[in-house]
Amino acid sequence: MRPENGHQARLLRLLRDGGPQSRAELGEAVELSKSKVAIELDRLAELGFVETAGLAASRGGRRSHVVALAGSLRFVGIDIGATSIDVAITDGELRLLSRVSAPADVREGPNTVLDQVLDLVGKARADGAAPEVHGVGVGVPGPVSQRDGAPVVPPIMPGWNHFPVRDTLGAALGAPVMVDNDVNIMALGELHAGTARSVRDLLFVKIGTGIGCGIVVGGEVYRGVTGCAGDIGHIQVDDTGASSPVCTCGNAGCLEAWFGGAALARDAEAAARSGRSVWLAERLQQRLAEGSGPLTAADVGVAAETGDPVAVGLIRDGGHRLGQVLASLVSFFNPGLVVIGGGVAGLGHQLLAEVRSVVYRRSLPLATGNLPIVLSELGGTAGVIGAARLVSDSVLSTA
Ligand SMILES: [Zn+2]
């Protein structure tokens, strides 16, 4: 099922992004005459894409029929992270109808993880939320070849290199599948449902285990020549030589080696073991007693909230380094908005304050004059909404 021409594709996207609208409004938006828009909408109804949803309020003259995307349209959004999987079912307007998640380890390889994914999709559909699926979007924590629908040399995904994620899930679910980097799908989620709804050019910075940046240009994700645009975690900061931490990529002093979730956990552990932070030392003892694993970035956040000076210092230093990189990106790209999300963004306002102060101080005033730098408001849902948006862009187009 595909729209047959560009007019139909535009009408479908207007309905996806703006909700039900009258035939008159849609005709104005796509600059088609009343009769032509009626022909296209009738055809879309025959194809099963749209349905009539009553009469619009009168704007003088005859009342116009309201059109909506078909209530039976269903997309599946899948966000595969380093340590968890999120799956959601959405309707045509990408509203969440059901959502399930489970811990997972992406290092266990594609066969194990995709089995878990299919299991979760089954659970999400169990209550009849999606008798039929019209498209499946997938985010993975690594670079992706759009052409092959497969990860390409993903550093934290052993066994996934060139694994046909798109074709495997497509065969299992019987629907078109699109695969992209997890940061890109989160950027798409922000564009569709977050603070970025009215913005066409933005940067979405994800701080998770690592750090990445989704680049949205003119309302579309910019992926670069080989799909690794926005890999800002490996930009070098503070080139102070011997003291720079070594990164998973083999270089020293990368942004994420200073300040990803993994780096924060490492620094928290060191501060606890050396006794520099009494709070973190006690937390570590407690974790060891419970057998609940080593300290995490989230522990640093809690410690900072209680005023622990070491934890506050870690967040400030990290925010400062992130701010340095962002200041350069802002001068280079001149975005209309910067959104910071991902698990470690839960560190919240201390982090945000530090990032803002560096960016506003270092970037050119013309670039930062009207530049909001905000935390994501979508919480954990940006990825699944964005994944659904990714595949809907494809399903609702003619190509
Ligand atoms: Zn690196």
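Read-outs throughout are calculated quantities, based only on the coordinates presented, and are distinct from any laboratory measurement. As the structure is a prediction and not an experimental result, all values here were calculated from the model. Cβ atoms come from the backbone with ideal geometry, glycine included; neighbour counts cover every protein chain shown.
A compact table of results
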read-out: Amide proton proximity set for VAL144, modelled H, under 5 Å, gap of 5+; value: VAL152, ASN181
read-out: Ordering of 301-310, 85-94, 99-108 by packing [mean C-beta count within 10 Å, highest first]; value: 85-94, 301-310, 99-108
read-out: Protection proxy ranking of 27-33, 279-285 - average other beta-carbon atoms within 10 Å, highest first; value: 279-285, 27-33
read-out: Viscosity 0.890 mPa s, 25 °C: Kirkwood-radius Stokes-Einstein D of the stretch 10-167 over Cα pairs, µm²/s; value: 137
read-out: Angle between the chain longest axis and helix 110-125 axis [Cα atoms, degrees, rounded to 10]; value: 50
read-out: Integer Hz, Karplus 6.51/-1.76/1.60 couplings in order for the stretch 295-306, x for Gly and Pro; value: 5, 10, 4, 5, 4, 4, x, 5, 4, 5, 4, 7
read-out: Label-point separation, SER243 to SER394 (7 Å along Cα→Cβ), nm; value: 4.8
read-out: Whole-Hz ³J(HN,Hα) from phi, Karplus 6.51 cos²θ - 1.76 cosθ + 1.60, for the stretch 348-364, glycine and proline x; value: x, 6, 5, 4, 4, 4, 5, 4, 4, 5, 5, 5, 5, 7, 9, 7, 5
read-out: Packing-based ranking, highest mean first, of 267-278, 287-298 given that Cβ atoms within 10 Å are counted; value: 267-278, 287-298
read-out: Inter-site label distance for ARG362 and ARG316 at 7 Å from Cα along Cβ, in nm; value: 1.7
read-out: Among beta bridges that DSSP assigns inside the chain, antiparallel share in %, nearest 5; value: 65
read-out: Paramagnetic reach from ILE39 in the stretch 1-32 [backbone N under 18 Å; point 7 Å along Cα→Cβ]; value: 3-12, 23-24, 26-32
